[in-house]
Amino acid sequence: MVSSHYEKITAADGGVFDAFCAVPETGPAPGVLIFQEIFGVNDNIRGLAERLAAAGYVALAPDMFWRIEPRFERKDESGMADGFERVHQLDFQLAGSDITATLAHMRAMPACDGKVGGVGFCLGGTLAYLFAATSRVDGQGPNAAVSYYGSGINGMLGLAEQIECPILFHYGDRDPYIPAEDIDAVEQAMAGRPNATVHRYDAGHAFSNWDAPSMYEETSARVAWDRTIEFFDEHLRH
């Protein structure tokens with residue numbers, strides 16, 4: 001059985017924001033932060049949190065748009081314009097600070113055993129990369145990170161040298177928002193780095209999002225999710 005609720009997280013500058021939390025039946029367990037798509041912490045993200053909890057992880061999905069519009073939610077193509085508008089207002093430096101606050105909060109939760117990874121989708125794929133590169137609490141960074149089709153990563157490749165944890169990337173070869181040469185650049189930046197893997201799929205953007213039917217690619221989503229869980233099992237349970 002999985003239980004869920006919202007946590008209140010205190011930002012470094014004193015504000016408070018919500019994070020959806022799903023907890024496995026037994027614990028303490030490793031934690032996983034989930035970083036949202038442009039659609040906010042919606043049914044898809046909450047569902048992924050519950051799937052992680054069912055796999056034995058404490059899942060925490062922070063509201064990354066809280067400074068713009070708390071609890072913003074959309075679900076599919078009909079909400080893309082609203083989502084892009086919020087992304088354009090997002091301060092990535094403050095977002096990085098909020099992610100670090102979420103990491104600190106997770107590590108302090110009694111349900112968490114201290115090991116914490118992160119996974120993000122779309123906008124969240126970029127945030128998962130930022131998390132791996134910049135989030136440190138008492139000098140300790142995350143234990144693992146997984147990025148799904150983060151289109152903003154290519155503007156942050158200079159941060160690659162700061163990544164200390166194992167990291168996994170998922171990209172669709174038919175993604176209209178991420179050109180093949182951008183995926184090539186990520187592969188080149190990660191080449192030779194220990195525990196850095198890039199997987200490509202015969203899929204488009206947001207292929208993991210079952211709540212956006214025109215984007216969802218079930219086969220690729222299943223393979224990528226299985227690889228994600230195996231990756232977390234390897235790096236968060238040992």
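Using a probe of 1.4 Å on the protein chains alone, the accessible area found for GLU50 is around 80 Å².
Normalised by 2.2 N^0.38 Å, where N is the number of residues, the C-alpha radius of gyration of segment 91-135 stands at 1.15. Gaussian network model of the chain, Cα springs within a sub-10 Å range: biggest mean-square fluctuation belongs to which of LEU48, LEU33, LEU127? Most flexible of the set in this elastic network: LEU48. For HIS88 and ALA108, the difference between the fully extended length at 0.36 nm per residue and the C-alpha to C-alpha distance is 4.0 nm.
Here the extension length gained between ALA81 and ALA12 equals 21.9 nm, from 0.36 nm per residue of separation less the Cα-Cα distance.
Here is the size of segment 71-186 from its Cα atoms: Rg then Dmax, 14.8, 44 Å.
Our coupling estimate for segment 49-60, obtained by passing each phi through the Karplus curve with A = 6.51, B = -1.76, C = 1.60 and θ = phi - 60°, is 4, 5, 5, 5, 5, 5, 8, x, 10, 7, 10, 9 Hz, Gly and Pro reported as x.
A probe of 1.4 angstrom, applied to the heavy atoms of all protein chains, finds ASP91 with accessible area near 70 square angstrom.
Share of carbon and sulfur in the accessible area of segment 80-202 stands at 49%, probe radius 1.4 Å.
In segment 103-238, the DSSP beta bridges split such that about 5 percent are antiparallel, to the nearest 5.
Across segment 150-159, computed HN-Hα scalar couplings (Karplus, 6.51 cos²θ - 1.76 cosθ + 1.60, θ = phi - 60°) run x, 6, x, 4, 5, x, 10, 5, x, 8 Hz from first to last residue, x flagging Gly and Pro. When all alpha carbon pairs of the chain are counted in 5 Å bins from zero, the resulting P(r) reads 1, 7, 16, 21, 21, 18, 11, 4, 0 %.
The values are calculated or read from the model by the stated rules, or taken from the named source; none is laboratory data. Remember, it's a predicted structure, so these values are computed and weren't measured experimentally. When the accessible area is computed, the model is the full protein with side chains, heavy atoms only, and any ligands, DNA or RNA have been set aside. Shrake-Rupley method; radii C 1.70, N 1.55, O 1.52, S 1.80 Å.
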